[in-house]
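Following: one structure in structure tokens, then a few remarks.
The values are calculated or read from the model by the stated rules, or taken from the named source; none is laboratory data. Predicted model, so just to flag it, every value in this text is computed and none were measured. No Cβ is skipped: glycine too gets one built from the backbone with ideal geometry, and neighbour counts run over all protein chains shown. Quick note on the areas: whole protein, heavy atoms, side chains included, nothing else; ligands and nucleic acids left out. Shrake-Rupley method; radii C 1.70, N 1.55, O 1.52, S 1.80 Å.
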Amino acid sequence: SGANSFTITDTINFDGEEYTGLMVTIKLEIEYDVLVSDDGELEIEEEFTDSLALQLGINLNRISIVDIRRGSVILDINIQDRPSNISIEPSNDDLLEIITEISNVNGYEIQILEIKQLSANTAVIQPAPFVLLPTMGETLDFSYSFPNNSRVIIRIYDLSGRFITSLVDKYYSNAGTVKREEDSSAWDGRDKLGQIVAPGTYIMHIEAMNPVTGETKTDAAPIVVGVKN
């Protein structure tokens with residue numbers, strides 16, 4: 001067989017999607033079905049991001065649409081940190097002020113619902129707010145944020161503090177947020193021995209430590225594991 005005999009139909013990023021800079025939630029005052037295709041794609045994505053980049057005075061490559069959902073049309077947009085070699089562009093700190101002044105993008109009235117600075121000096125863990133059913137083959141969607149120069153460790157404990165399993169142990173030089181969903185999720189409701197855990201409440205814990213200074217940030221959140229009747 002030759003190279004032309006093969007076709008890549010799907011790819012999986014087991015580490016999840018990593019984002020830096022700002023996450024901006026924007027609402028477009030228009031009906032969802034008018035702008036979003038049956039496949040869930042924003043039909044004006046190119047024009048919209050071009051217009052937004054122009055108003056912000058940044059390179060188009062710094063903008064990506066992460067999620068599209070209903071409520072008119074609500075976009076979660078990631079604006080990456082300014083590359084160090086493009087000093088003429090505004091930094092993300094500058095953009096925090098510029099974004100709030102924007103009310104129209106590509107002719108569409110918009111409303112800024114939330115601006116989240118992913119490079120904040122903190123550690124955050126956010127598991128999906130639903131009951132996990134590992135007996136049904138479900139995996140846990142979750143995201144986590146961390147500061148610069150962090151060794152990030154994520155573990156699962158039961159309510160008594162007993163260690164269940166470890167999900168992440170990785171060093172990140174730049175602050176950011178990682179989303180792990182579906183195939184890229186690291187937990188399928190099993191312990192370190194591969195056994196499905198008993199139904200109940202568990203704790204997801206993140207520790208982000210700077211190996212040079214020893215400074216450590218932590219956060220924790222509950223997870224509910226259920227069973228199908």
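Roughly to the nearest percent, how much of the accessible area of the chain is carbon and sulfur, given a 1.4 Å probe?
45
So, with +1 on the Cβ of K and R and -1 on the Cβ of D and E, and no other charges, what is the size of the charge dipole of the chain about its Cα centre, to the nearest 20 debye?
Roughly 1320 debye for the chain.
Rounded to whole Hz and in sequence order, give me ³J(HN,Hα) for region 142-155 from the Karplus expression 6.51 cos²θ - 1.76 cosθ + 1.60, θ = phi - 60°, writing x for Gly and Pro.
7, 9, 8, 10, 7, x, 4, 6, 10, 8, 9, 10, 10, 10
Show me the trypsin sites (Lys or Arg not before Pro) within region 110-187 that DSSP assigns to loop and that have at most 11 other Cβ atoms within 10 Å of their Cβ.
Loop-located and lightly packed - 162.
How would region 1-58 be classified by its alpha-carbon gyration tensor: rounded, prolate or oblate, with rounded meaning a/c under 1.5 and the a/b versus b/c comparison settling the rest?
prolate
Of 55, 126, 117, which is the most mobile in a GNM of the chain whose springs link Cα atoms less than 10 angstrom apart?
The residue with the greatest mean-square fluctuation here is 55.
Calculate, for residue 108 and residue 10, the FRET efficiency according to 1/(1 + (r/R0)^6) with r their C-beta to C-beta distance and R0 35 Å; round to the nearest 0.05.
Between residue 108 and residue 10 the formula returns 0.60.
Using DSSP, restrict attention to beta bridges with both residues in region 1-109 and report what percent are antiparallel, rounded to the nearest 5.
Bridges in region 1-109 that DSSP calls antiparallel: roughly 100 percent.
From the square roots a ≥ b ≥ c of the eigenvalues of the alpha-carbon gyration tensor of region 161-224, which class results: rounded (a/c under 1.5), prolate (a/b over b/c), or oblate?
It is prolate, given that a/c is not under 1.5 and a/b is the larger ratio.
Among the GluC sites (Glu not before Pro) within region 92-146, which fall in a DSSP loop and have no more than 13 other Cβ atoms within 10 Å of their own Cβ?
101
With θ set to phi - 60°, apply the Karplus curve 6.51 cos²θ - 1.76 cosθ + 1.60 along region 62-76 and write out the HN-Hα couplings as whole Hz, x wherever there is a Gly or Pro.
For region 62-76, the Karplus curve yields 7, 10, 9, 8, 8, 8, 10, 9, 6, x, 6, 10, 10, 10, 9 Hz.
Does region 1-149 come out rounded, prolate or oblate by the C-alpha gyration tensor, with a ≥ b ≥ c the root eigenvalues, rounded set by a/c under 1.5 and, if not, prolate when a/b is larger than b/c and oblate if not?
Rounded, because the longest to shortest axis ratio a/c is under 1.5.
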